[in-house]
Amino acid sequence: MAISPERLDRFARHIVLPEIGGVGQAALADAHIAIVGLGGIGSPALQYLAGAGVGHLTLIDDDQVSVSNLQRQTIYTARDIGHGKAVAARRWLANFDARLDVTIHDDRLTRENAAALIGAARLVLDGTDNFATRLAVSDACVALGVPLLSAAVGRFQGQVGAFAGHLPDQPCYRCFVGDAFDATDCDTCAEDGVLGAMVGWVGSFAAMQAVRVVLEGKAAFGEPGWGALHLLDGLKPGMRTLRIAQDASCRACAVAAQ
Ligand SMILES: [Zn+2]
């Protein structure tokens, strides 16, 4: 697919990178990524994915912008307070790049609606703040055959994991956290506090990993690293990587493979 002169200009700094190039840019334009949770992680992730020219975005959040969000949720301004986050995010995107195809869902993702909300995407980036939703997203991704980038922050500890639980022998997010958290629905930000730049680091790193997934097999930007969980330590600061093994009794991915 040819890239128009206007788009060539817009993405010139990508296209000169050998790790992206024109082929990679075309792959980004074709990509469809769903972002679940338009908060402190989802906001910068959305900005960098839109900036990268990801052509199709599905945005899911049922929350409204409040004044306490502005400290870290970078797409919102004071005039968005009281408005739905999904609507405000679409407004930001419309101003930023009218060529992007954007679908919004002003809904909370649940086990019941997950397939309808994320089923069209080829990659899901989850930046929600509670285990119940994260597990529902993960289980839906396994069932739908869609890879998942799961990103989270607790105080100064961040994590970004890439999961392809629908593939043989690959772990899913549930293999990592187990079944104990399905019933919990805690927003720890309000209780624990959170530093804006910390969630921004995690969100922008998740966006970079999403670009890596999109470019797999099309440009030499490395491997998606399925089953790798990157731990971002904001106090040290530093980063390390764990390998998540598939849980042979996982009720999402192990059962799906049988
Ligand atoms: Zn699993």
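Taking residues in segment 243-254 that are open to solvent by less than 70 Å² (accessible area, probe 1.4 Å), and partners anywhere that are near the ligand (Cβ under 9 Å from one of its atoms) and of a type in the set (Gly, Ala, Ser), the pairs with Cβ atoms closer than 7 Å and at least 6 places apart or on different chains are GLN246/ALA254; ASP247/ALA254; ALA252/SER138; ALA252/GLY165; CYS253/GLY165.
Of all residues in segment 110-130, those satisfying the criterion of being touching a residue at least 40 places away in the same chain (Cβ under 8 Å) and in contact with a strand residue (DSSP E or B) (Cβ under 9 Å, 6 or more places away or on another chain) are LEU117, ILE118, ALA120, ALA121, ARG122, LEU123, VAL124, LEU125, ASP126, GLY127, THR128, ASP129. Note on segment 47-97: residues that are touching a Leu at 6+ places or on another chain (Cβ under 9 Å), loosely packed, with under 15 Cβ neighbours inside 10 Å and under 22 Å from PHE156 (Cα atoms) total 1. Taking segment 127-239 as the region of interest, the helices (runs of 4 or more DSSP H) fully inside it that hold 2 or more residues being open to solvent by 40 Å² or more (accessible area, probe 1.4 Å) and away from the ligand (no atom under 16 Å from the Cβ) are 188-192, 196-215.
Results for (1) open to solvent by 20 Å² or more (accessible area, probe 1.4 Å); (2) modelled with pLDDT under 95; (3) of a type in the set (Lys, Arg), shown as yes or no for each residue.
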position	(1), (2), (3)
SER4	yes, yes, no
ARG13	yes, no, yes
GLY37	no, no, no
ALA45	no, no, no
ARG99	yes, no, yes
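The values are calculated or read from the model by the stated rules, or taken from the named source; none is laboratory data. All values derive from a computational prediction rather than experimental measurement. Reconstructed Cβ throughout: ideal geometry from the backbone, glycine too, with neighbour counts over all protein chains shown. Please note that ligands, DNA and RNA were not included when accessible areas were found on the heavy atoms of the full protein model with its side chains. Shrake-Rupley method; radii C 1.70, N 1.55, O 1.52, S 1.80 Å.
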